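Chemist: Structure in structure tokens, see below.
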DNA sequence: ACCTGAACACCGTTCAAGT
DNA sequence: ACCTGAACACCGTTCAAGT
């Protein structure tokens, strides 16, 4: 209620800033879900009018994009590289995945962002570098990088959003008529068991195939 | 304005139905983008009050889910199977991809649907069947099926939604400082060139790896 | 049985006005 | 320089009332 006593002039030296708003976004999304992140809700959280946000961000899209980029920094700063390409790609990809699964709705908005966010470039630079050092032709290296990026971002967003492939789905598939759906009913008990296991299975499929590509390329030279 | 002259009693024998509403959804989304699909817009399109939709669908989610399922029917009914597992999976996957890329926002809503839609089960049954017939242990077959499904749905939605990886991105990556971003700047001209090529590259990586899995399993037996 | 229309409780965003 | 507050043009959804 009362201003901090060190500051004589006004009641709040700098109530709002981009970082304060981004923090509030993450806090609200964590507590009440991403659809609760509303200009009015954001204002209430910070004891400020909803429209004050527009002093710091052009619109809501810019705010959400900045929030998503912050998630990426936090994730990426906590990864360390060993020099083993396969281990390094795995840990980079899995760290990004964790951030996206935890905040899928926020992550989703990066996809529709008109330009890449600063930390996105850092992560891409690191991953692309690891793959290029394998010695593949640049065209294959770029495609491999792009596909790993797309797989990670897209599937993790989906996993985070979703009821897709939960217990409810398994039950519904189990209840289908076995004569017209023999394969789904036969395997219903093991379907959609663990999104993380599925993700890593697919990741390893692609890494296996990339490794073979590298070997074949080395043999030709 | 005037009723069809064959019908004496009222001015419209059956103005609304689930199918009529689904058709209108697709029509509006195609013409004006998926964010234009609004209850009020839908009512205007059909010369009916916005709230009349609630006579046929519980809420907007149910309407959109039904619309997404219709896209899947149209796509799946146009695929034919040859018996060559790799060709058949490729064509099933690419057909689904085309439907999702064309209507990403609608497709996105299926992901948050609480239960699988009827046609989704048909497509899954067919794809899972093809993979199971390869003779892998069921656990691997199920994971391979799930990963192909997730990759197709998620990446195609993302590609359809977006500016992600367009010309603008390539330009921004090219403009980065080369000393801190040597790999991105070196390959900027070939980055994010063609989403379809990237998708097929990743698909073939996974199919290659699955083929190897099958070979190794056959050798052990 | 099916549709209407007013109403409710929300959105993001603008712009003149305050301090 | 930064924030306020009224206002605008929208949403999805409910429910009593019409036919």
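Every number here is computed from the coordinates shown, using simple stated rules; none is lab data. A quick note: this is a predicted structure, and the numbers were derived from the prediction, not measured. Using ideal geometry, Cβ is built from the backbone for each residue, glycine included, and neighbour counts are taken over all protein chains shown.
Chemist: Enter the Cα centre distance for the pair segment B:146-162 and segment A:170-218, rounded to the nearest angstrom.
Modeler: Segment B:146-162 and segment A:170-218 have Cα centres spaced 15 Å from each other.
Chemist: Exposure proxy check: B:76, A:145 ranked by fewest other beta carbons within 10 Å? Provide the component values of the computation, followed by the final result.
Modeler: Working: B:76 17, A:145 24.
Fewest-to-most Cβ neighbours within 10 Å comes out as B:76, A:145.
Chemist: Most fluctuating residue of A:170, A:132, A:105 in a GNM of chain A with Cα springs under 10 Å: which is it?
Modeler: Ranking A:170, A:132, A:105 by mean-square fluctuation puts A:170 first.
Chemist: Quick one: compute the contact order of chain A, relative version, from alpha carbon pairs under 8 angstrom and 6+ residues apart, as a percent.
Modeler: Details: 179 pairs, mean separation 34.0, N = 221.
With pairs under 8 Å counted, the relative contact order is 15 percent.
Chemist: Can I ask one more? Could you give, in nm with one decimal, how far residue A:135 is from each other copy of that position, shortest first, with labels 7 Å out from Cα toward Cβ?
Modeler: Listed shortest first, these distances are 3.5 nm.
Chemist: Could you tell me how many degrees, from 0 to 90 and to the nearest 10, lie between the Cα long axis of helix A:85-102 and the main elongation axis, the longest principal axis, of the Cα atoms of chain A?
Modeler: 50 degrees
Chemist: Along its three principal axes, how long is segment A:58-220 when you only count alpha carbons? Whole Å, largest extent first please.
Modeler: 53, 51, 26
Chemist: Quote the FRET efficiency, to the nearest 0.05, computed for residue A:220 versus residue B:82 with a Förster distance R0 of 25 Å and r equal to the Cβ-Cβ distance.
Modeler: For R0 = 25 Å, the calculated efficiency reads 0.20.
Chemist: Specify the residue with the greatest mean-square fluctuation among A:66, A:50, A:107, computed from a Gaussian network of chain A linking alpha-carbon atoms under 10 Å apart.
Modeler: So, out of A:66, A:50, A:107, the one fluctuating most is A:50.
Chemist: Can I ask one more? Taking a label point 7 Å out from Cα toward Cβ, give me the nm distances from residue B:59 to the same spot in the other copies, shortest first, one decimal.
Modeler: 2.6
Chemist: Let me ask something else. Residue B:36 label points, 7 Å along Cα→Cβ, one per copy: pairwise distances from this copy to the rest in nm, shortest first?
Modeler: When each copy's label point is compared with this one, the spacings are 3.6 nm.
Chemist: Taking all pairs of distinct Cα atoms, average 1/r, flip it, and tell me the Kirkwood hydrodynamic radius of the protein assembly as shown in Å to one decimal place. Present the calculation step by step, with values, prior to reporting the outcome.
Modeler: On the way: mean 1/r = 0.0412 Å⁻¹.
Evaluated over the protein assembly as shown, this radius sits at 24.2 Å.
Chemist: Hey, what did segment A:141-221 get for relative contact order, percent, Cα under 8 Å, at least 6 apart?
Modeler: After rounding, I find 26 percent.
Chemist: Going by C-beta contacts inside 10 Å, put B:201, A:81 in order with the fewest on the left. Present the calculation step by step, with values, prior to reporting the outcome.
Modeler: Working: B:201 19, A:81 14.
Placing the least packed residue first, the sequence is A:81, B:201.
Chemist: Out of B:120, B:200, B:32, any idea which swings most in a Gaussian network model of chain B, alpha carbons joined below 10 Å?
Modeler: B:32
Chemist: Output the 0 to 90 degree angle, nearest 10, between the alpha-carbon long axis of helix B:60-76 and the longest principal axis computed from the alpha carbons of chain B.
Modeler: So the helix axis and the longest Cα principal axis differ by about 60 degrees.
Chemist: Would you mind calculating the gained length between residue A:15 and residue A:61 on full extension (0.36 nm times residue separation, minus the Cα-Cα distance), in nm to one decimal?
Modeler: Gain on extension, residue A:15 to residue A:61, equals 14.4 nm.
Chemist: Round to the nearest 10 and give me the degree value, 0 to 90, for the angle of helix B:118-132's Cα axis relative to the longest principal axis of chain B.
Modeler: Its long axis makes an angle of about 20 degrees.
Chemist: What spacing in nm lies between the two simple spin-label points modelled at residue A:179 and residue A:211, each 7 Å away from Cα in the Cβ direction?
Modeler: So the label points at residue A:179 and residue A:211 sit 4.7 nm apart.
Chemist: Now, a different point. Arranged by the count of other C-beta atoms within 10 angstrom, fewest first, what order do A:54, B:151 take? Please list the in-between numbers first.
Modeler: Values: A:54 13, B:151 25.
Fewest-to-most ranking of A:54, B:151: A:54, B:151.
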